[in-house]
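Since every read-out is calculated from the coordinates, none of them should be taken as a lab result. Quick caveat: nothing in here was measured; it's all calculated off a predicted structure. Reconstructed Cβ throughout: ideal geometry from the backbone, glycine too, with neighbour counts over all protein chains shown.
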Amino acid sequence: MMARYVIGRLAGVVVILFLVCLFTFVLFFTLQPDPAVMICGKTCTPERIDQIRDVLGLNLPFLTQFFGFLGGIFAGRDYGEGANLVHCAAPCLGYSFQTNQSVWDMVVERLPVSATVAIGAAVLWLLIGILAGLLSAVKEGTWWDRGAMGLALGGSSVPNYVLALALQYVLVVQLQVLPFPQAVAFGDDPVVWFQSYLMPWIVLATGYACLYARLTRANVIDTLAENFMRTARSKGLSPALTMRRHALRPALTPIATIFGMDFAALLGGALITETVFGLNGVGKMAADSIAKNDQPVIMAVTLLAAFFVVVGNVVVDLVYTRLDPRVRITTP
Amino acid sequence: MTVAAHPEQVAGGAPATSGRRVLRVLLRDRGAVISGAYLALIVLMAIGAPLISAITGHGPNDFDTAAVNTDLGGVPYGSLGGISAEHLLGVEPQNGRDILARIAYGARVSLIIAASATTLTTLLGVVLGMLAGFYQGWVDQAICRVMDFLMAFPALIFMIAILSALPQGNRPVLLVVVISVFGWPYLARVVRGQTLTLVNREFVEAARASGASTGQLVFKEILPNLRSSLIVMTTLAVPGYVGTEAGLSFLGVGVTPPTPSWGQMIAGSVGWYAVDPMYFVIPGAFLFLTVLSLTVLGDRIRAAFDAGDAS
């Protein structure tokens, strides 16, 4: 039963990713300015354009091009023929029109930076959001609760690029307690690494932390009003123990679901953060490629982002059945 | 808890309609009143943008090189980004455009786009959600698949990709369409769920049994019952759209210069934040306060409706 469910969901993933791929491809096939002209640049002859279109297969019918692209992802593909032949190995997403680099290599190169930004921010927002939410729920109605929730409402309304500029102005320019962010590897210089990523983490985490604090508070308050909580308390369990044993799990399970989806969709949020701080991750690569109309790179980032979102949703559903016994799939 | 605050309702008398009751609750709420007042101010500013320009004598695209120090690379004269009696909110560095005028004209763009996107999303969400919930069967299946598909999309990245690929054309219209296409499923999902339960309620069956047409069922029986959740969902969606528009303009795929927009102004200030912080603080503060006010208002409206449902 479980295996069948998983297989069904995975088939759904494949279908949706195929559709995303097709949709993006159609869009660029019909709307984009001619890539051959873009590559050719200013000193261009009609023969040169024809040659480029030939090598890239842009003269072929739409479906041939589409399946060529799709095939490249799974089996690799060849561009051009004879002496000009270039083989692009298995996860082939084509070559950047701007740098002629393999798009897959570009993604792999930049993924660690994005992962560092995303994971650090996620840790930060989970810690702060859940702790603040819990405290607020326990102290419902006190000045702490009002203050924290007011702050959370305000924090979730600050656009992250405004926050980024404000932080940079205060911390880097005025107080000079942090250097301007650079994408340093942890192994090279842990101190600079931490100082560099601290602001991106805060910027990316703020909105989510505020949202999670409000969600956690609402969920915990709802759970504390449930009958089983009254039972636990009347058994004589201490408040701390009732909280730990009975309240946390039902209150935090929905948060886990939302976290899974938010984390999977983080590539979009990281785009702005990475761009503002000039960190060379996948998000900044997306922004740059969009500014320069670098079609293969835009395609790759869109697909990658869709992949994370779709797979993330399935993972969330599967984990949810583990966390919440009430929705566990059982053999009838 | 709101019941206690309104003894006249408990004590019988003529029960106020829910719209009036919600309005009364909101008028007593300090947060809601302040947010409402701020939003009214922004709307007035947007409507009266030409008037503001006429009074101060600075259009949104008038260069004022006398207000900036060309020797220092165009930093505004005076403190706080050139705030003076002449330029109430200062000037942009380099070309000296009046920030107040640009904020006012930018408010027009932001508000029109957010309002149109909300209208279009609501229209799509209500029509498709109700179709799915009312007819069920294959119609429901088809609409649900499309919703799943759209919600699986990395919306922000995809919006940027589409907007960068589309020909220049009419940017604001494109923005509204793109935001709405990715926004409607969130509303439609709720509308569908509520319609599903409403369709089987006794009063709908009674109406059907007494010969009501489909149109009457939809517009007289079901739609009025969706009103409160629609009001809540749309008010909570508006700040998101204001933020999305500003974000897309910030990334350079939204409204194109010289049309001013808040997001675009902030994007323009990125290179200047160290020497002229007011250049990002002012549009940033307007944007922040607008989003915050809309969120607070939406939150309070929801609380007011919820309290009404509970009583």
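A few notes on this one:
- Think of each Lys and Arg Cβ as +1 and each Asp and Glu Cβ as -1; about the Cα centre, that makes the dipole of the range A:200-332 roughly 860 debye.
- Peptide A:161-173 - average C-beta neighbours from other chains (10 Å radius): 5
- Cα lying deepest toward the dipole's positive end in the range A:159-297, options A:ILE255, A:PRO190, A:VAL297, charges on Cβ: A:ILE255
- Lys/Arg +1, Asp/Glu -1 at C-beta; the protein assembly as shown dipole; positive extreme among A:LEU175, B:GLY133, B:THR290: B:GLY133
- Unit charges on C-beta of K, R, D, E only; dipole of the range B:125-239, Debye: 160
- The long axis of helix A:62-75 is offset from the longest Cα principal axis of chain A by roughly 60 degrees.
- For the range A:154-170, Karplus couplings with θ = phi - 60° (6.51, -1.76, 1.60), whole Hz, Gly/Pro x: x, x, 7, 9, 7, x, 5, 6, 5, 4, 4, 5, 5, 4, 4, 5, 6
- The Kirkwood hydrodynamic radius of the protein assembly as shown, based on inverse pair distances between different Cα atoms, is 27.6 Å.
- Our compactness index for chain A, the C-alpha radius of gyration over the empirical 2.2 N^0.38 Å, is 1.24.
- Unit charges on C-beta of K, R, D, E only; dipole of the protein assembly as shown, Debye: 2360
- Mean projection area, nm², convex hull over Cα of the range B:163-311: 12.2
- Listed values for the range B:47-63 are Karplus-derived 3J(HN,Hα) couplings in whole Hz (6.51 cos²θ - 1.76 cosθ + 1.60, θ = phi - 60°), namely 5, x, 3, x, 5, 4, 4, 5, 5, 7, x, 10, x, x, 10, 7, 6, and x replaces Gly and Pro.
- Interchain or long-range residues, amide H under 5 Å from A:TYR95's placed H: A:VAL103
- Two-site label geometry, A:LEU58 and A:LEU241: point separation in nm, points 7 Å out along Cα→Cβ: 7.3
- Interchain or long-range residues, amide H under 5 Å from A:ARG77's placed H: A:CYS88
- Using the Karplus relation 6.51 cos²θ - 1.76 cosθ + 1.60 with θ = phi - 60°, the per-residue 3J(HN,Hα) values for the range B:126-134 come to 5, 4, 6, x, 6, 4, 4, x, 7 Hz, with x marking Gly and Pro.
- Protection proxy ranking of B:274-283, A:168-177, by the mean of other Cβ atoms within 10 Å over each peptide's residues and highest first, is B:274-283, A:168-177.
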